[in-house]
Amino acid sequence: MMMPASQSNHPLPILIIACGALAHEIVALQALNGWNHMHLTCLDAELHNKPQLIAGKLRQKIAQHRDDYENIFVAYADCGTGGAIDKVLLEAGIERLPGAHCYSFFAGERQFAAIGEQAIGTFYLTDFLVKHFERLVIKGLKLDSHPELRNQLFAHYTHLVYLSQAQDPLLIEQAKAAAKVLGLIFKHHHCGYGDLQNGLEEQVLKFG
């Protein structure tokens, strides 16, 4: 039986089950903060385009690791599942990051709401989505083989907002190019790790 952190020389391990789109940032935060007792496993980032599958995959992942970890935290927002993730986590007694989307916890709820009000009809990109724009957006939405879908899928969008984690001029240029491909007005907001860092820190320190 695991001893409470206060009675042990070592912090209790905590498993983070995350969207693959957050893996790079979580690993960076782990290294930056020395969170050696934090372990990471990810679901496929391509579920970003199939939110109806996320809750089921998450339930399977929790069941897979439940016997190995007393402490589990989920690095997902609602992510377009219509509350399905929260139902799974309620059953399991597990918490998740706040917000409706990763965009909102990167930007922070208040700033995200303000951005949305300033630019009604906004398509968002993060560092991960900029790096994998071709695979996840162009090919993922079949715009490569059916370019006519662009006008259908993005008919109600006016802006592309890049919420950056890193200060990388190359990624900014790539995001601008993505906006041009989609025919949207480009805007950039540097957010850093936002509430991703705050949410992970709160959980990790519980068992530190």
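The values are calculated or read from the model by the stated rules, or taken from the named source; none is laboratory data. None of these values were measured; they are calculated from a predicted model. Note: ideal-geometry Cβ built from the backbone for every residue, glycine included; neighbour counts use all protein chains shown.
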Report task. Mind telling me which of the residues A100, A119, A31, A45 ends up being out of contact with any helix residue (DSSP H, G or I) (no Cβ under 6 Å at 6 or more places or on another chain), within 22 Å of I172 (Cα to Cα) and not β-branched (V, I, T)? Result -> A119
Query raised in the report: Somewhere in the range 47-57, is a residue more than 20 Å from L196 (Cα to Cα), part of a loop (DSSP other than H, G, I, E, B) and of a type outside the set (A, V, I, L, M)?
Result: yes
Requested in this report: Starting from the range 189-202, take each residue that is outside the structural domain of L160 (by TED's automatic domain parsing) and closer than 22 Å to L15 by Cβ and list its partners that are surrounded by fewer than 18 Cβ atoms within 10 Å (Cβ to Cβ) and polar (S, T, N, Q), counting only C-beta distances under 7 angstrom and pairs at least six apart or across chains.
Outcome: none
Query - Enumeration of residues in the range 106-134 that are touching a residue at least 40 places away in the same chain (Cβ under 8 Å) and of a type in the set (D, E, K, R) - result: E109, D127, K131
Requested in this report: Scan the range 91-107 for residues that are of a type in the set (A, V, I, L, M) and surrounded by fewer than 21 Cβ atoms within 10 Å (Cβ to Cβ) and report the count.
Outcome: 3
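Pull up the range 108-134, narrow it to residues that are of a type in the set (G, A, S) and assigned to a helix (DSSP H, G or I), then point me to the one that is surrounded by the most Cβ atoms within 10 Å (Cβ to Cβ). Give the steps one after another, and end with the answer.
Start the filter on the range 108-134 by keeping residues that are of a type in the set (G, A, S), which leaves 108, 113-114, 116, 119, 121.
Narrowing the set further to residues that are assigned to a helix (DSSP H, G or I) leaves 113-114, 116.
Numbers: A113: 12, A114: 13, G116: 17.
Top of the filtered list is G116.
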